[in-house]
Amino acid sequence: MPNRIIITGGPGSGKTSLISFLSENGFQCQHEISREVILEAQKEGIDQLFLTDPILFSEKLLQGRLKQFNDIHHFKKTAIFYDRGLPDITAYLDYTGVNYPDEFKNFCQNNRYDSIFLLPPWKEIYIQDNERYESFAESEKIHHFLLKAYKNYGYKVIEVPFDTLTNRMQFIKTRLAHQF
């Protein structure tokens with residue numbers, strides 16, 4: 001079974017660009033699904049589902065991320081990179097202060113990843129858009145909630161330094177070579 005590797009970070013940390021770069025360089029990747037959930041809700045007339053109904057939004061993310069987690073049989077290589085993981089869901093709910101069912105935590109405990117790479121907030125590349133409504137200050141707070149969530153689930157979190165996509169990829173490859 002391939003190693004499951006999370007690339008996570010707050011909004012505007014370069015996470016999605018890094019996942020795309022990894023994919024372009026031959027790595028197997030599962031891409032972020034939250035934008036799909038947001039766009040689907042917008043088609044139904046809900047501008048920001050996470051703000052309107054954070055539990056429903058999170059349930060949709062949970063379903064999608066569990067599908068990604070379990071749908072690995074067609075992958076042939078030894079590693080799969082995920083743009084966010086299950087603990088991101090509880091981190092965001094904790095950030096907002098919303099109470100949520102214990103099953104969210106249970107899914108995080110029972111579906112384990114092999115490595116966690118966290119990208120810190122990066123002011124120079126931060127841009128708000130229709131799906132990214134958080135300010136940079138909020139992105140910094142989310143970063144701390146992500147770090148706390150993954151640590152609370154017992155993960156060792158590796159912070160990826162600011163750098164070019166090539167150097168960030170090399171940093172991750174080097175760290176993974178020491179782990180496996």
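Of the residues Arg65, Arg35, only one is touching a Lys or Arg at 6+ places or on another chain (Cβ under 8 Å), assigned to a helix (DSSP H, G or I) and among the basic types (Lys, Arg); which? Reasoning before the result, please.
Details: Arg35 fails: touching a Lys or Arg at 6+ places or on another chain (Cβ under 8 Å).
Sole residue among the options that is touching a Lys or Arg at 6+ places or on another chain (Cβ under 8 Å), assigned to a helix (DSSP H, G or I) and among the basic types (Lys, Arg): Arg65.
How many residues are more than 27 Å from Pro2 (Cβ to Cβ) and of a type outside the set (Ser, Thr, Tyr) when one looks only at the stretch 49-77?
8
Which one of these is at pLDDT 90 or above, surrounded by 16 or more Cβ atoms within 10 Å (Cβ to Cβ), closer than 30 Å to Pro161 by Cα and not aromatic (Phe, Trp, Tyr): Ile38, Ile5?
The match here is Ile5.
Can you pull out the residues in the stretch 17-28 that are surrounded by fewer than 22 Cβ atoms within 10 Å (Cβ to Cβ) and either touching a helix residue (DSSP H, G or I) at 6+ places or on another chain (Cβ under 8 Å) or farther than 17 Å from Ile158 by Cα (or both)?
In the first step, residues of the stretch 17-28 are kept if they are surrounded by fewer than 22 Cβ atoms within 10 Å (Cβ to Cβ); the result is 17, 19-21, 23-28.
Ser17, Ser20, Phe21, Ser23, Glu24, Asn25, Gly26, Phe27, Gln28, listed by residue number.
For Thr8, are the conditions met, namely being outside any helix (DSSP H, G or I), touching a residue at least 24 places away in the same chain (Cβ under 8 Å) and either within 17 Å of the chain's Cα centre (by Cα) or closer than 19 Å to Ser135 by Cα (or both)?
yes
Test of understanding: among Leu176, Leu146, which residue is assigned to a helix (DSSP H, G or I), surrounded by fewer than 20 Cβ atoms within 10 Å (Cβ to Cβ) and in contact with a strand residue (DSSP E or B) (Cβ under 8 Å, 6 or more places away or on another chain)?
Leu176
The values are calculated or read from the model by the stated rules, or taken from the named source; none is laboratory data. Worth saying up front: this structure is predicted, and the values here are computed from it rather than measured. Ideal geometry is used to build each Cβ from the backbone, glycine not excepted, and the neighbour counts take in all protein chains shown.
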